[in-house]
1. For the subset of the range 30-72 comprising residues that are among the polar types (S, T, N, Q) and modelled with pLDDT of 85 or more, which member is farthest from ILE10 (Cα to Cα)?
2. What's the number of the only condition in (1) in a loop (DSSP other than H, G, I, E, B); (2) modelled with pLDDT of 90 or more; (3) of a type in the set (Asp, Glu) that ASP24 fails to meet?
3. Can you find, within the range 27-50, the residue that is surrounded by the most Cβ atoms within 10 Å (Cβ to Cβ) among those that are outside any helix (DSSP H, G or I) and among the β-branched types (Val, Ile, Thr)?
4. Exactly one of these conditions fails for ASP11: (1) under 20 Å from ALA54 (Cα atoms); (2) loosely packed, with under 11 Cβ neighbours inside 10 Å. Give me its number.
5. Just give me the residues in the range 1-55 being in contact (Cβ under 8 Å) with a residue 24 or more places away in the chain and acidic (Asp, Glu), in sequence order.
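The values are calculated or read from the model by the stated rules, or taken from the named source; none is laboratory data. Note that this is a predicted model, so its numbers are computed, not measured. Don't worry about glycine lacking a Cβ; one is built from the backbone with ideal geometry, like all the others, and counts go over all protein chains shown.
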Amino acid sequence: MPKLPKDTSIDEVYYYGTGMRNPDNVKMVKKSLRKVFTEAQIDINDDMLAAARALMEGARDLPATSAPDLSAVITTGKRS
């Protein structure tokens, strides 16, 4: 974890990772993040959702004729 100035406030944490469709894994990761980010809103999701959101974020301001984006998840999982 990088050293941040003492007056730095982190309000939101977004974590995407493999295995985060399993509620037990989400609970474990959230518990760990809560120790560091005590006041932040913590959002935990699967890495495949991260790829989808990355594509949608770029699509908002593009003309309809633009070429499609490509998003890839490099993982040891089987679904990628």
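1. Restricting attention to the range 30-72, the residues satisfying the condition of being among the polar types (S, T, N, Q) are 32, 38, 41, 45, 65-66, 71.
Imposing the further condition that a residue be modelled with pLDDT of 85 or more reduces the set to 32, 38, 41, 45.
Values: SER32: 16, THR38: 9, GLN41: 9, ASN45: 19 Å.
If we take residues in the range 30-72 being among the polar types (S, T, N, Q) and modelled with pLDDT of 85 or more, then ASN45 is farthest from ILE10 (Cα to Cα).
2. Result: ASP24 passes all but (1).
3. By that ranking, first place goes to ILE44.
4. Unmet condition: (1).
5. Within the range 1-55, ASP11, GLU12, GLU39, ASP43, ASP46, ASP47 meet the criteria.
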